[in-house]
Amino acid sequence: MKLSSYCDKIIRWSFYALLFFVPLVLTSNTSELFELNKMWLTWGLTVIITGSWLVKMISTRTFTIKRTPLDIPILLFLLSQLISTIFSLDSRVSFWGYYSRFNGGFLSLFTYTLLYYAFVSNSTLRDAKRYLFTTILGSIIVIAWGLPSHFGYDPTCLLFRGSLDTSCWTDAFKPTVRIFSTLGQPAWLAAYLAALLPITMAMTIWEKEKVQDLPLVAALRVPKVLGLWILSGLMYLALLYTDTRGGFLAFWAANATFWILLFIIQLFPVRKLLTYFLALNVLFFFFSFTSGTPIHQLDILSLRAFHKVSPLPSTSPSDTSGSPASPTTSAVQTPGNNITDSGDIRLLVWKGALDIWRAHPIIGTGVETYAFAYYLYRPVAHNLTSEWDYLYNKAHNEYLNYLATTGALGLGTHLLFLLTFFFIIIRELLKVRSHPSKDNNKENLLYAASLPGAFLSIIISNFFGFSVVIMNIFLYFIPVWFLFFSDFQFTKKLELDLSSNLKKDQTSLSLYQWTGVTGVVLISAFFLIQLIRFWNADVAYALGMNLDHVGDANSYQTAFTNLQSAVNTRPNEPVFQDEFSLNMAILGSAFMANNNATIGAQLANQAVTLSDTVTSNHPNNVVYWKSRVRIFYLLAQVDPKYFKNALDAVLVAKKLAPTDAKISYNVGVLYGQNNQIQNGVTELTRTIALKPDYRDAYFARGIFYHQLSEAATGQEKIDFYNKGVSDMRYILTHLAPKDDSAEKTLTSWGEKL
């Protein structure tokens with residue numbers, strides 16, 4: 001019993017840590033600052049919670065899992081994800097999740113399921129309430145961390161660089177425009193705040209109820225009432241500063257749901273309820289008036305409108321992690337540097353998701369395979385957006401993402417989970433329409449009334465984006481909180497009671513029990529060590545990758561050591577292998593260029609061999625084929641025989657991404673490098689059809705036309721020459737009026753500018 005008590009404490013404190021620290025944890029040492037570390041902490045704590053739960057059951061000889069009304073939907077959904085993982089385009093990606101994110105992979109979904117049942121089976125109502133308070137306590141730090149960044153003082157930059165400003169962020173992630181605090185992106189912070197606001201409002205109301213004899217204004221002098229009232233306001237203000245339309249709509253839907261449910265269950269007299277409603281919503285409208293809203297059409301009566309302040313474009317920073325930079329391309333010059341509205345881009349991504357589903361209707365392409373499945377069905381119109389060369393590893397709609405990657409089976413079971421919970425909400429709240437007789441019951445029902453709105457906010461946020469670690473934790477925990485607060489009776493259990501085999505005077509563990517406990521501890525320790533090793537490998541990989549991006553000889557050599565360490569620690573991780581093979585190709589070509597052929601050839605062979613391994617094990621991942629093109633292109637600079645290999649690789653990439661203008665461009669250029677100039681012209685013409693504003697494609701085709709003219713005779717020579725001149729002049733008249741390369745090229749051909 002003593003061991004069981006220790007296990008209960010470990011489980012309880014692990015849940016505290018999970019809900020408090022997951023939204024907060026971040027580090028600059030890893031390849032991804034936010035989600036990777038949050039997922040790792042979640043995995044680590046899940047190992048501890050599950051291990052402690054098993055030890056507790058072994059020590060008491062009672063194996064118990066509480067049954068809930070959501071068991072069938074949750075297990076059916078998990079089964080659908082398992083089937084999709086088995087038949088995936090890339091089962092490793094489906095199991096672990098897309099690298100750097102990991103959330104959404106089968107392992108993460110299995111983790112959330114374990115946490116759901118550990119929560120239900122090892123908690124009391126008192127525990128559930130404390131977990132909820134811990135969550136709100138963590139949100140205070142998230143808000144305090146994020147709000148100063150709106151005014152140019154970001155604690156993250158102070159932590160990473162020692163300067164309290166926003167200089168550590170690129171222009172695409174300026175928190176002075178859209179804050180994201182410790183969550184990583186504005187939309188993720190908005191979803192987090194939208195879910196917690198109804199709960200915070202419920203806490204505010206209950207603290208006022210504790211001093212119900214005082215008028216509202218007098219009650220605000222009570223520190224706890226005032227503190228929660230201020231917290232509600234600051235939480236909403238932080239939501240406004242994210243400038244996220246999806247999160248904004250999610251909150252107001254949650255807010256409306258909260259008050260409607262309070263009116264329906266008649267928890268308070270109507271007059272008192274209207275007082276609470278006005279007190280909180282007037283606060284929200286005040287901040288909306290003074291700060292404006294993410295939906296700028298609503299700002300007609302705000303201070304922003306009175307001062308005629310034009311809002312900055314509301315675009316969501318898109319995930320470009322893992323996006324390869326093809327060696328044969330230069331930066332595209334978008335006319336006017338126009339930023340495409342995020343809503344327009346989202347519609348294109350959604351269309352691609354629907355096309356993926358039509359091709360794989362039952363089980364999809366595989367859990368979390370959207371990053372390379374989308375390339376196969378990417379709409380041509382995406383090439384005309386400002387994010388035309390970004391890599392999209394999500395559909396930016398959780399439901400279309402499930403539909404594309406796990407098919408009708410995955411989305412259907414997920415929707416079954418959501419709808420079943422709403423049915424439970426209706427059923428349980430209809431039971432309490434009469435006024436509760438006990439204040440404690442009233443408090444619990446108040447919290448219960450706040451949770452459907454919180455859950456609805458997640459559903460809405462996911463419609464306009466996709467889930468992250470903390471939001472998936474909420475998605476699984478909110479139903480448990482609701483069941484506890486609505487006084488649901490957990491009468492059904494999966495139980496195996498072996499305690500009857502104990503002797504009456506036996507108080508210590510038997511040999512079999514000690515063996516079981518030791519086995520669980522050792523297995524848990526093994527998993528934790530593997531997580532630590534993987535995390536350390538990612539740190540080495542991140543440093544090596546960043547050094548590769550520096551681009552000088554010394555950094556490449558230092559990167560080699562770090563990437564080698566990462567690959568040695570995690571030999572089967574293709575992301576590490578991919579970066580390491582590219583690094584070796586860079587070093588190999590440098591050694592060969594400096595007349596050190598032996599070392600250069602050795603590195604080149606190792607790079608090719610490692611690339612062979614990656615592409616053969618993951619043949620459907622276009623990212624790895626792009627890297628393979630880069631490897632051979634680099635080596636071809638010192639040994640032209642590799643141009644043929646580069647062309648072969650890019651033709652495979654073209655099959656995997658038939659509408660990608662950059663890949664098409666590379667195909668055209670590499671045809672030229674392989675002395676197939678006419679094929680190069682044909683492919684570049686196709687590239688221009690895919691992306692009519694592609695400056696590089698016009699330039700390359702113009703060069704090729706000129707080369708053809710030099711080898712031709714008669715009228716054909718004149719036609720090719722004129723076409724080359726026409727392409728260069730098109731650049732100057734339509735795409736880049738001051739393009740130096742085009743001007744110099746025309747001058748060298750004897751043309752007047």
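The values are calculated or read from the model by the stated rules, or taken from the named source; none is laboratory data. Just so it is clear, the model here is predicted, and its values are computed rather than measured. Quick reminder, even Gly has a Cβ in these numbers, built from the backbone with ideal geometry, and neighbours come from all protein chains shown. Just the protein is used for accessible areas: all its heavy atoms, side chains included, with ligands, DNA and RNA removed. Shrake-Rupley method; radii C 1.70, N 1.55, O 1.52, S 1.80 Å.
When Asp739 is tested against (1) at pLDDT below 95; (2) closer than 30 Å to Ser616 by Cα, only condition (2) is not met. Please verify whether Glu683 is of a type in the set (D, E, K, R) and in contact with a Leu (Cβ under 8 Å, 6 or more places away or on another chain), treating the condition exactly as stated. Spelling it out, it is not the case that Glu683 is of a type in the set (D, E, K, R) and in contact with a Leu (Cβ under 8 Å, 6 or more places away or on another chain). Taking every residue in the stretch 564-590 that is touching a residue at least 60 places away in the same chain (Cβ under 8 Å) and pairing it with any residue that is β-branched (Val, Ile, Thr), at least 6 positions away or on another chain, the pairs with Cβ-Cβ distances below 7 Å are Pro574/Val614.
Per-residue answers, yes or no, for (1) buried (at least 17 other Cβ atoms within 10 Å of the Cβ); (2) in a helix (DSSP H, G or I):
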site: Ser139; (1), (2): yes, yes
site: Ala144; (1), (2): no, yes
site: Leu147; (1), (2): yes, yes
site: Thr166; (1), (2): yes, no
site: Ala172; (1), (2): no, yes
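Scanning the stretch 672-694 for residues that are surrounded by 19 or more Cβ atoms within 10 Å (Cβ to Cβ) and under 37 Å from the mean Cα position of the chain (by Cα), we see that the one that is nearest to Ala649 (Cα to Cα) is Glu683.
When Ala373 is tested against the conditions (1) outside any loop (DSSP other than H, G, I, E, B); (2) surrounded by fewer than 21 Cβ atoms within 10 Å (Cβ to Cβ), the lone failure is (2). One residue alone among Leu273, Leu298 is on the phi < 0 side of the Ramachandran plot, part of a helix (DSSP H, G or I) and modelled with pLDDT of 90 or more, and that residue is Leu273. Residues considered: Ala190, Ala254, Ala194, Ala238. Of these, the only one that is more than 19 Å from Leu24 (Cα to Cα), open to solvent by less than 10 Å² (accessible area, probe 1.4 Å) and in contact (Cβ under 8 Å) with a residue 24 or more places away in the chain is Ala254. Looking only at the stretch 673-694, residues that are assigned to a helix (DSSP H, G or I) and at pLDDT 95 or above come to 14 in all.
Considering only residues that are in a loop (DSSP other than H, G, I, E, B) and in contact (Cβ under 8 Å) with a residue 12 or more places away in the chain, look in the stretch 149-163 and name the one that is surrounded by the most Cβ atoms within 10 Å (Cβ to Cβ). Top of the filtered list is Asp154.
Exactly one residue out of Ile205, Ile264, Ile199 is open to solvent by 30 Å² or more (accessible area, probe 1.4 Å) and closer than 19 Å to Leu445 by Cα: that is Ile264. In the stretch 349-372, the residues that are under 17 Å from Asp660 (Cα atoms) form Cβ pairs under 6 Å with partners that are of a type in the set (Phe, Trp, Tyr), at six or more places apart or across chains, as follows: Val349/Tyr392; Gly352/Tyr374; Gly352/Tyr377; Asp355/Tyr377; Ile356/Tyr377; Ala371/Tyr98.
For the stretch 705-742, filtering for residues that are open to solvent by less than 20 Å² (accessible area, probe 1.4 Å) and either farther than 23 Å from Val380 by Cα or not in a helix (DSSP H, G or I) (or both) leaves 8.
Residues that are open to solvent by 10 Å² or more (accessible area, probe 1.4 Å) and either farther than 21 Å from Asp660 by Cβ or of a type in the set (S, T, N, Q) (or both) within the stretch 628-638 comprise Gln637, Val638, listed in sequence order.
Listed by first and then second residue, the pairs with beta-carbon distance under 6 Å, at least 6 apart or on different chains, first residue in the stretch 47-65 and in contact (Cβ under 8 Å) with a residue 24 or more places away in the chain, second aliphatic (A, V, I, L, M) and open to solvent by 30 Å² or more (accessible area, probe 1.4 Å), are Val47/Leu528; Thr50/Leu114; Ser52/Ile10; Ser59/Leu3; Arg61/Leu498; Phe63/Leu496; Ile65/Leu494. Here are some conditions: (1) modelled with pLDDT of 95 or more; (2) β-branched (Val, Ile, Thr); (3) surrounded by fewer than 18 Cβ atoms within 10 Å (Cβ to Cβ). Val47 meets all but one. Which one does it not meet? Result: Val47 fails condition (3) only.
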